[in-house]
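Structure first, then comments.
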Amino acid sequence: MSLLARLQSDQVIIPNSPKESASSRYLEIVYQIHREIIREIGQETFNSRGREETENRIRGITDAIIENDYDNLPRSERELIIKQVTDEVLEFGPLSPLLRDESISEIMVNGPKQVYVEKRGKIELVNVVFRDDLHLHTVIERIISPLGRRLDESMPMVDARLPDGSRVNAIIPPLALNGCVLTIRKFSKNLLKTADLIRNNTMTSHMAKFLEACVRGRMSIIVSGGTGAGKTSTLNIISGYIPHDERIITIEDSAELVLNQEHVVTLETRPPNIDGRGEIAIRDLVRNSLRMRPDRIVIGEVRGGETLDMLQAMNTGHDGSLSTVHANAPRDALARLETMVLMAGVEMPMKAIREQISSAVDFIVHQSRLSDGTRKITHITEVVGMETDIITLQDIFIFDQTGVDERGRVQGRHRATGIKPKCLDKLRTAGIVIPDEFFA
């Protein structure tokens with residue numbers, strides 16, 4: 001039976017709505033050609049062939065089928081179908097164009113018929129669908145299988161890192177009621193630099209120079225913010241200020257930091273195996289890193305009992321260490337640190353915990369994603385010390401939001417509060433001088 005006859009027998013309806021893209025209109029044709037190719041050549045043959053040879057074979061078969069059954073299709077539409085078939089056989093199906101689009105920073109698949117992406121900080125629905133839940137599950141398996149991970153009823157959740165640094169999270173029924181849910185946070189090939197943050201108005205040049213001085217002067221800094229606020233990008237940038245003659249150890253769940261210094265040791269956690277054994281958590285790596293003679297410890301994110309180990313490291317000769325924490329404000333970041341210290345299972349009075357935090361952390365850099373999708377450092381806050389049982393904070397730089405314009409863009413400006421940091425004397429003794437006009 002010809003492909004056209006099979007399409008007719010399956011009662012495939014190819015919509016012609018102008019609102020739908022060509023990729024959506026010819027989705028069923030792509031699936032049918034894919035099955036025809038697998039039937040004719042076999043999946044195992046693809047795996048043993050070279051990439052170029054396989055692509056040429058796919059093009060030949062697809063061209064022949066289209067010529068036989070759809071000779072009235074324009075050449076541009078044929079090329080689109082060939083590209084989709086190639087993606088379906090060799091790549092990640094409907095996700096492939098989204099993964100190639102460098103303007104997309106995140107892909108969110110909420111079941112087979114609903115796909116969102118984040119572009120320039122804004123989330124939008126895209127015209128990309130999967131055939132069904134099985135098709136989506138197959139694509140997920142194709143993504144995680146080379147990473148040595150599995151996704152089935154015994155392990156219905158997976159969190160992994162692709163070779164290019166992108167983070168993948170997938171969860172399937174019965175835990176996900178929408179069907180298979182896939183989230184990919186793409187790793188930018190062009191890493192942001194200080195100049196990019198200044199150009200994007202994430203911070204000012206004075207703020208950047210002040211943070212560089214603090215890092216070089218071995219101030220311990222916590223970068224706080226919500227999900228997607230850009231904490232890791234900011235941590236990566238300020239980690240780049242660490243001098244090249246220091247030994248740096250980075251600890252992350254999924255290795256995302258890319259440092260240009262020569263003496264960098266990268267550690268990554270390990271999830272449990274199928275039997276639930278062999279897990280290596282961030283806390284284990286923090287403890288081990290203290291035996292590796294680090295000058296600086298950079299932790300991608302603290303979210304549990306490792307917070308106590310990090311604070312103790314900062315208080316015992318490893319000052320100048322850096323990390324991130326989820327929080328809505330600098331004061332909330334301190335509350336989160338207190339809570340996570342309690343998660344370590346060590347009974348300590350609250351005053352002792354706060355004294356540990358106030359002596360270990362010098363600055364909190366808070367970053368937010370605003371309503372228009374832009375990311376800004378809204379606070380650079382100094383941890384001054386303790387007054388009775390309360391940790392004292394003072395804002396050095398803040399972002400004043402004045403309103404929103406007719407296009408929905410946030411209006412405002414960064415400014416110094418006029419308060420001189422308490423750490424200036426310490427920086428001066430280290431040979432780092434910051435002009436007074438930075439804080440005017």
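The values are calculated or read from the model by the stated rules, or taken from the named source; none is laboratory data. All figures in this text were calculated on a predicted structure; none of them were measured in a lab. Quick reminder, even Gly has a Cβ in these numbers, built from the backbone with ideal geometry, and neighbours come from all protein chains shown.
The condition of being outside any loop (DSSP other than H, G, I, E, B), among the aliphatic types (A, V, I, L, M), on the phi < 0 side of the Ramachandran plot and assigned by TED's automatic domain parsing to the domain that holds Arg375 holds for only one of Ile274, Ile237, that being Ile237. The numbered conditions (1) assigned to a loop (DSSP other than H, G, I, E, B); (2) under 30 Å from Met155 (Cβ atoms); (3) of a type in the set (Lys, Arg) are all true for Arg287 except (1).
Among the listed residues Arg375, Arg354, Arg331, Arg415, identify the single one that is closer than 25 Å to Glu252 by Cβ, touching a strand residue (DSSP E or B) at 6+ places or on another chain (Cβ under 8 Å) and basic (Lys, Arg). None of the other options fit; the residue is Arg375.
The residues listed here are Leu285, Leu308, Leu267, Leu259; of these, the one that is within 29 Å of Leu192 (Cα to Cα), out of contact with any strand residue (DSSP E or B) (no Cβ under 6 Å at 6 or more places or on another chain), in the same structural domain as Ser224 (by TED's automatic domain parsing) and without any contact (Cβ under 8 Å) to a residue 60 or more places away in the chain is Leu259. For Gly418, the stated conditions hold: it is in contact with a helix residue (DSSP H, G or I) (Cβ under 7 Å, 6 or more places away or on another chain), over 21 Å from Asn328 (Cα atoms) and without any contact (Cβ under 8 Å) to a residue 60 or more places away in the chain. In the stretch 106-123, the residues that are not assigned by TED's automatic domain parsing to the domain that holds Lys231 form Cβ pairs under 7 Å with partners that are of a type in the set (Gly, Ala, Ser), at six or more places apart or across chains, as follows: Gly111/Gly179; Pro112/Gly179; Glu118/Ser105; Lys119/Ser103; Arg120/Gly373; Gly121/Gly373; Lys122/Gly373. Counting only strands (runs of 3 or more DSSP E) that sit completely within the stretch 296-404, those holding 2 or more residues that are modelled with pLDDT of 95 or more, aromatic (Phe, Trp, Tyr) and surrounded by 21 or more Cβ atoms within 10 Å (Cβ to Cβ) correspond to 390-404. Picking from residues in the stretch 405-423 that are among the hydrophobic types (A, V, I, L, M, F, W, C) and either surrounded by 16 or more Cβ atoms within 10 Å (Cβ to Cβ) or modelled with pLDDT under 90 (or both), the one that is nearest to His206 (Cα to Cα) is Ala416. Hey, any hits in the stretch 216-234 for a residue that's part of a strand (DSSP E or B), aliphatic (A, V, I, L, M) and farther than 20 Å from Asp362 by Cα? Within the stretch 216-234, not a single residue is part of a strand (DSSP E or B), aliphatic (A, V, I, L, M) and farther than 20 Å from Asp362 by Cα.
Test Val89 against the criterion of being at negative phi, outside any strand (DSSP E or B) and out of contact with any His (no Cβ under 6 Å at 6 or more places or on another chain), and give yes or no. The answer is yes for Val89.
Taken over the stretch 308-357, the residue count meeting the criterion of being in contact with a helix residue (DSSP H, G or I) (Cβ under 7 Å, 6 or more places away or on another chain) and among the acidic types (Asp, Glu) is 2.
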